[in-house]
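Here the structure comes first, spelled out in structure tokens, and everything after it is commentary.
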Ligand code: 0CM
Ligand code: SF4
């Protein structure tokens, strides 16, 4: 009989933008005291949001729920200029925890709108990041989510069109969408650099590498986390028989393990590693104690905290 084992993807879990955003809220609580208002989930992870709530963060949907003059943190996914204006009207003190790699896409939208391009933004309808990004130039940006959206796009000048994207998409699916768009607009320009971020693509590469050897891949992450959900899809596309997204080990159904020798484990960019350790413990208790880490990249990137916060921190 083959020995039961776990393949553990690396990189997995926290990226530099998530770490920065979570630490921003923690430090703001320490520095200014509770409550610290946060517009939307700081990152798309249930555990992170619950833990920060216990420590005094108050998550709101919109800035109009924040009392005038209070402190509000903007989430890692970014906000449109309209949200900055609303906050200013209410005289809120703001700390912007938008990931610098999301800001980079905002700058691209601004630049290409200024140069009078039509911008095709590939991303998921309703996701906060694309709402913020598109909000930089709503009159120039069209969102392309599904294959059907490709047919609906209308541009003024087919020689002046560029595609950009959300940072947390499937690399492969995005290229499918780009090729469909190029079928309609052969002169479609590529972004100056990849918009799908290093963390999203590195986690997909790690899953792709281990999935062919796994009957089951467990992805730790929340249902509203785009990059986590993509890992489930990538695992199945790369050859795992099944893959599931769980917030906590307790959500694992024992039946998933029936006849399974190799379980792959990974986590999205917004997931604290303690939750992955919980899954490894659960698996060890059921005979999957042999854990081998599959490393496809070593990430060293880190971002400085937002300037608005740094200036107040004691050195
Ligand atoms: O964008 P996504 O839904 O994957 O967000 P997340 O909070 O799960 O991950 C990190 C980010 C960003 C921006
Ligand atoms: Fe930034 Fe990428 Fe992390 Fe999003 S997933 S916060 S874009 S590093």
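Rule-based calculations on the coordinates, nothing more; no lab input. Here the structure is a predicted model, which means the values were calculated and not measured. Please note: Cβ atoms are built from the backbone with ideal geometry, for glycine as well, and neighbour counts cover all protein chains shown.
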*Of the conditions (1) over 23 Å from residue 269 (Cβ atoms); (2) in a loop (DSSP other than H, G, I, E, B), residue 191 clears all except one; give me its number.*
(1)
*How many of the residues making up region 202-235 are surrounded by fewer than 18 Cβ atoms within 10 Å (Cβ to Cβ) and touching a helix residue (DSSP H, G or I) at 6+ places or on another chain (Cβ under 8 Å)?*
2
*Kindly state which helices (runs of 4 or more DSSP H) lie completely within region 198-315 and contain at least 2 residues that are under 30 Å from residue 73 (Cα atoms) and within 16 Å of ligand 2 (Cβ to nearest atom).*
198-210, 226-237
*Could you list all residues from region 158-175 that are under 20 Å from the mean Cα position of the chain (by Cα) and not in a loop (DSSP other than H, G, I, E, B)?*
163, 164, 165, 171, 172, 173, 174, 175
_Tell me which helices (runs of 4 or more DSSP H) are completely within region 70-157 and hold 3 or more residues being within 11 Å of ligand 1 (Cβ to nearest atom) and either within 19 Å of the chain's Cα centre (by Cα) or free of Cβ contacts under 8 Å to residues at least 40 places away in the same chain (or both), or say none if there are none._
100-114, 128-134
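One line per residue, one yes/no per condition, for (1) crowded, with 19+ Cβ neighbours inside 10 Å; (2) closer than 24 Å to residue 29 by Cα:
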| position | (1), (2) |
| --- | --- |
| 94 | yes, yes |
| 118 | yes, no |
| 125 | no, no |
| 129 | yes, no |
| 134 | yes, no |
| 154 | no, no |
| 158 | no, no |
*Breaking point among (1) within 16 Å of ligand 2 (Cβ to nearest atom); (2) touching a strand residue (DSSP E or B) at 6+ places or on another chain (Cβ under 9 Å); (3) closer than 17 Å to residue 193 by Cβ, for residue 117*: (1)
_Top-ranked residue of region 48-67 - restricted to ones that are assigned to a helix (DSSP H, G or I), touching a residue at least 24 places away in the same chain (Cβ under 8 Å) and crowded, with 18+ Cβ neighbours inside 10 Å, ranked as nearest to ligand 1 (Cβ to nearest atom)_ = 48
